[in-house]
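The values are calculated or read from the model by the stated rules, or taken from the named source; none is laboratory data. Predicted model, so just to flag it, every value in this text is computed and none were measured. Here the Cβ is made from the backbone with ideal geometry for all residues, glycine too, and neighbour counts use every protein chain on show.
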Amino acid sequence: MGVKIAKNRVNEFLKYLKEEYILYAPVEENGVSKISKIEDTSDIINLPYRTQISLKPIFFPPEQKFFRFEKKNGGVEIEDYLPQEGDDKSIIFGVRGCDVNAIEVLDKYMLDEFEDPYYRKRRENAIIIGISCDYPKESCFCTAFGGMVPERYDLWFTDIGPHFYVDIGSKRGEKLIDDKFFEEASEEDEMRKIRRINSVETKINRKVKTNLHDIKKYYHKIKNRADDSIWEELGRKCVSCGKCNFICPTCHCFDVKDMTNIDGSAGERIRVWDSCHLYDYAKTSAENFREERKARVRYRIYDKFVFPVMRYGVYACTGCGRCSEVCPAGIDIHAVVRRLIK
Amino acid sequence: MNNPYLPAVARITDIIEETPDTKTFVISSPLKFKPGQFVELSIFGYGEAPISISGGNEKSIDLTIRAVGNITKKIHRMNVGDYVGIRGPFGNGWPVERAEGRNLLIAAGGIGLAPLKPVIEYVCNNRKKFRNVTLLYGARKPSLMLFKYKLEEWSKHMDVLLTVDEPEEGWKGNVGVVTTLCDRIKHVSDTVTLMCGPPIMMKYTSISLMELGFPTGEMYLSLERNMKCGIGICGHCAVGGLYVCRDGPVFSLNDALKLIEKPHEVQGVID
Ligand SMILES: Cc1cc2nc3c(=O)[nH]c(=O)nc-3n(C[C@H](O)[C@H](O)[C@H](O)COP(=O)(O)OP(=O)(O)OC[C@H]3O[C@@H](n4cnc5c(N)ncnc54)[C@H](O)[C@@H]3O)c2cc1C
Ligand code: SF4
Ligand code: SF4
Ligand code: FES
């Protein structure tokens, strides 16, 4: 049986968490909603759906310094920044299902097969408290991939009136349940929660009408469209700005650069986000592997619906709809996928 | 926590001028490597580039580098005693063991000879393990041929077939692209082929060898892709869902042909 928390106790609960953890939660800055570090819990905003910016920057920031180097005493000295990376315990509150799923996808790329130590440090000690959406955003299509509630989380909140019903998904989550804030939920509360989730999912579904649950089947279908004229068409529309990559919660490509002082005697090696839509992404001194824009457009779509399925058995798209929201060319990934599986 | 992005600092201990645009740098980095593997070479302040290991011993590795851009031109201006950084070795390397007891064809174009040199040296030191061995090597001009000072030694152990696109004074050998030499190879069946060179060379050599009846299942190509991390995370080297830095750089021709995104090296090989 789950527990519940009265809505007017949530702020107290978050303050209590903040004593021991670094707290992240939805805020709005300069008109953009995102999940940020919270100094004052009154900054937290109540949204009915996901934030505009995903969780990605928390675990995989747009710029990551690797190390510092300095040419000294006829040699080179290196100072590794990894030990300084905080591995503080954090709690991320108010995350939506699509973004929890996206983090699981990032884990596949950056923890499971090949490990990125900077990502690991930030990710390992992060506790996820998610929450069911009240209604979908225009661009949302999470139900194409499954429900609104992810498989894994630490705690999961669902609005059931004066309370949030709280599902406990892990030992770490269970430890946060203090009876100062939580009370036992009744069977009726649980029924309310289920009805609530069903009703929102039905609302999303009615709009979405796409079902990609049968991964094997749909990945094959999309894979078989490699030579389709749709790529030519999208290639003509796309302007290669890379916004879709940067906003996507699962896109994880990066470039590595050295930034030096004026005489080059010292500097830092950093990584910055990169985009597979950009012209030079796969360029070498010998050739440019995806010189044509249509090849780059296809690559990104395939790297969401085909390649990760081949390698990890999952889609790398969670239906958050952000890339459709930001694309200046009006390319709507949900519409693209719908055409591909027709 | 081990940091795979951190290079080990090493020194340039010797520099061998190979051709006007290529030098071999001996780097004080004692790495155990498989022929065909590469390192990420750091020039601090300039960045990193993937470079094949062209030789080595307990104390050092050799990197044979053609000056083409930012980092590679910079190292050409560096001197013995200067410091660089090394990460690696990375990649799968050549499946040399598959050729043991069989015939071996080593086909190289231009700088593509560098990653094959450790294979050639292994063959020279373990000649009995292989049956017929041929080295096929093409360069743009005779003056651009790498490791010329080694060719005599190598030809004691294997058939060495050389060609250039444009002859220069004194060149008595073959003129023409690598494919013009293919029908001079004395062994066809049961041959394992290891190939590295510019995309165009690999493509046409593959076609020629297939026409001559070389087993396609035993042809291996080393692919060159843009790389930033070398460890399967940055995404740059991905081809059809595989990471050239981790799953490659060596792929069998059959596997390369099955990729959804056809590498230029094999585009048009079968159609
Ligand atoms: C597995 C592998 C092994 C290689 N072995 C050798 C070798 O033994 N000798 C040699 O001379 N060259 C080799 N190359 C090619 C070498 O990596 C490029 O020439 C080099 O990266 C160019 O860097 P640059 O800064 O001089 O050029 P720029 O054009 O200034 O390149 C900037 C950046 O783009 C990327 N890039 C550009 N060209 C290439 C390329 N061809 N391959 C991969 N990334 C590229 C690199 O990240 C580089 O840092 C190899 C490439 C690969 C993938
Ligand atoms: S591809 Fe688009 S819809 Fe899918 S997860 Fe990325 S941003 Fe969201
Ligand atoms: S956001 Fe749209 S225009 Fe920009 S790269 Fe992505 S698909 Fe192309
Ligand atoms: S070079 Fe970064 S993934 Fe291969």
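Specify the residue that is farthest from ligand 2 (Cβ to nearest atom); the eligible residues are those in the stretch B:222-238 that are aliphatic (A, V, I, L, M) and more than 7 Å from chain A (Cβ to nearest Cβ). Working first, answer last.
Our first condition is that a residue be aliphatic (A, V, I, L, M); within the stretch B:222-238, this holds for B:223, B:227, B:231, B:233, B:238.
From what's left, more than 7 Å from chain A (Cβ to nearest Cβ): B:223, B:227, B:238.
On the way: B:Leu223: 27, B:Met227: 24, B:Ala238: 16 Å.
In this case the residue turns out to be B:Leu223.
Report the residue count in the stretch A:133-152 for those that are under 16 Å from A:Asn211 (Cβ atoms) and not hydrophobic (A, V, I, L, M, F, W, C). Break it down stepwise before answering.
Of the residues in the stretch A:133-152, the ones under 16 Å from A:Asn211 (Cβ atoms) are A:136, A:140-148.
Filter once more, keeping what is not hydrophobic (A, V, I, L, M, F, W, C): A:136, A:143, A:146-147.
The total comes to 4.
Would it be correct to say that B:Glu261 is away from ligand 4 (no atom under 16 Å from the Cβ) and among the acidic types (Asp, Glu)? Before the answer, list the steps.
Working: away from ligand 4 (no atom under 16 Å from the Cβ): no; among the acidic types (Asp, Glu): yes.
It is false that B:Glu261 is away from ligand 4 (no atom under 16 Å from the Cβ) and among the acidic types (Asp, Glu).
Do any helices (runs of 4 or more DSSP H) entirely within the stretch A:252-342 hold 3 or more residues that are within 12 Å of chain B (Cβ to nearest Cβ) and more than 12 Å from ligand 3 (Cβ to nearest atom), and if so, which? Hits in the stretch A:252-342: A:293-305, A:307-312. Failed condition for B:Leu104, given (1) of a type outside the set (Ser, Thr, Tyr); (2) within 11 Å of ligand 1 (Cβ to nearest atom); (3) assigned to a strand (DSSP E or B); (4) assigned by TED's automatic domain parsing to the domain that holds B:Phe214, with all others met? Unmet condition: (2). Here B:Ile15 meets the list (1) away from chain A (no Cβ under 13 Å); (2) surrounded by 21 or more Cβ atoms within 10 Å (Cβ to Cβ) almost entirely, failing just condition (2).
Listed here are the residues, each with its yes/no results for (1) surrounded by fewer than 17 Cβ atoms within 10 Å (Cβ to Cβ); (2) more than 29 Å from B:Arg11 (Cβ to Cβ); (3) touching a Gly at 6+ places or on another chain (Cβ under 8 Å).
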site: A:Asn46; (1), (2), (3): yes, yes, no
site: A:Arg50; (1), (2), (3): no, yes, no
site: A:Phe60; (1), (2), (3): no, yes, no
site: A:Val100; (1), (2), (3): no, yes, yes
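Every condition in (1) at pLDDT 95 or above; (2) more than 27 Å from A:Ile160 (Cβ to Cβ); (3) in a strand (DSSP E or B) holds for A:Ile53 except the one numbered (3).
Residues checked against (1) within 14 Å of chain B (Cβ to nearest Cβ); (2) over 26 Å from A:Tyr16 (Cα atoms); (3) at pLDDT below 95:
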residue	(1), (2), (3)
A:Glu70	yes, yes, no
A:Pro83	yes, yes, yes
A:Ile92	no, no, no
A:Leu106	yes, yes, no
A:Pro136	no, yes, yes
A:Cys140	no, yes, yes
A:Thr143	no, yes, yes
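Note on the stretch A:224-254: residues that are farther than 25 Å from A:Val100 by Cβ and either within 16 Å of ligand 1 (Cβ to nearest atom) or among the acidic types (Asp, Glu) (or both) amount to 4. Residue check: B:Met219 meets all listed conditions (1) within 13 Å of another protein chain (Cβ to nearest Cβ); (2) buried (at least 19 other Cβ atoms within 10 Å of the Cβ); (3) more than 16 Å from ligand 4 (Cβ to nearest atom) but one, namely (1). Regarding the stretch B:56-79, can at least one residue be identified that is away from ligand 4 (no atom under 16 Å from the Cβ), of a type in the set (Gly, Ala, Ser) and in a strand (DSSP E or B)? Yes; the residues of the stretch B:56-79 include at least one that is away from ligand 4 (no atom under 16 Å from the Cβ), of a type in the set (Gly, Ala, Ser) and in a strand (DSSP E or B).
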